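What follows is a set of notes on a single structure, which appears directly below.
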């Protein structure tokens with residue numbers, strides 16, 4: 001289990017973020033299910049929900065009169081802990097964001113992404129331009145459309161599976177299967193992350209506090225900025241660990257068996 005946001009102030013303050021962990025799972029056995037996109041390695045993102053105490057965002061937006069969201073974003077870094085460039089095609093996606101949506105009207109009322117009638121929560125993978133610098137492009141209506149949603153192609157499942165009426169103080173999860181490993185990845189596709197014990201990818205998590213999804217909030221300021229982790233790992237940067245076995249038929253380069261899972 002990889003603790004991305006746990007004792008961070010933003011993750012433990014209602015409305016400022018959510019405690020977040022990623023669990024990396026894999027198997028030494030050949031994947032035998034129906035998906036053609038994966039060899040069975042998966043990610044489960046878990047969130048401890050804090051009931052909101054205010055309907056007003058840090059930017060002064062009232063979520064009782066406009067739709068809002070809260071979540072966690074995770075930026076990919078290279079082996080030296082440096083943000084990857086737009087030209088890099090061998091690492092994980094530039095960023096992945098997890099969102100929980102609110103309907104205007106009551107502080108804990110569950111909403112949906114405007115593109116779905118049931119998607120009260122989503123996981124989206126982002127390209128370089130979607131993300132910007134430290135998530136500077138993840139704003140307002142942009143967050144509803146930035147990148148691509150991970151869906152049924154990768155076996156995405158959220159729990160609770162049915163859209164609740166209101167958010168409760170409990171655990172919420174989002175699960176999906178990782179794609180099979182490639183030497184290089186296309187910019188627009190979902191990429192695989194390494195959760196190996198000795199060669200895991202480095203990532204930096206950000207709290208995405210309560211924010212409007214209205215187009216009028218598409219401009220960046222210090223009040224709309226994501227808040228980076230600083231407590232865990234090396235000043236907030238952690239090396240992903242988890243499943244270290246290889247599914248039958250997975251790629252091996254030379255004598256190094258790559259356990260490529262998030």
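The values are calculated or read from the model by the stated rules, or taken from the named source; none is laboratory data. Computed from a prediction, not measured in an experiment: that's the story for all the values here. Cβ atoms come from the backbone with ideal geometry, glycine included; neighbour counts cover every protein chain shown.
Things to note:
- Where a residue in region 30-49 is on the phi > 0 side of the Ramachandran plot and in contact (Cβ under 8 Å) with a residue 60 or more places away in the chain and its partner, wherever it lies, is surrounded by 17 or more Cβ atoms within 10 Å (Cβ to Cβ) and not in a loop (DSSP other than H, G, I, E, B), with Cβ under 8 Å and at least six apart: 40/177
- Candidates 118, 66, 123, 89, filtered to the one that is within 26 Å of residue 184 (Cα to Cα) and at pLDDT below 95: 89
- Any hit, region 96-113, residues being in contact with a helix residue (DSSP H, G or I) (Cβ under 7 Å, 6 or more places away or on another chain), over 21 Å from residue 202 (Cα atoms) and modelled with pLDDT under 95: yes
- The criterion of being in a loop (DSSP other than H, G, I, E, B), closer than 26 Å to residue 220 by Cα and modelled with pLDDT of 95 or more holds for residue 135.
- Residue list for region 150-165, filter: surrounded by fewer than 19 Cβ atoms within 10 Å (Cβ to Cβ) and part of a strand (DSSP E or B): 157, 159
- Only a single item in (1) at pLDDT 90 or above; (2) outside any loop (DSSP other than H, G, I, E, B) is not met by residue 24, and it is number (1).
- Some residue of region 83-106 being without any contact (Cβ under 8 Å) to a residue 12 or more places away in the chain, part of a loop (DSSP other than H, G, I, E, B) and either within 19 Å of the chain's Cα centre (by Cα) or at positive phi (or both): yes
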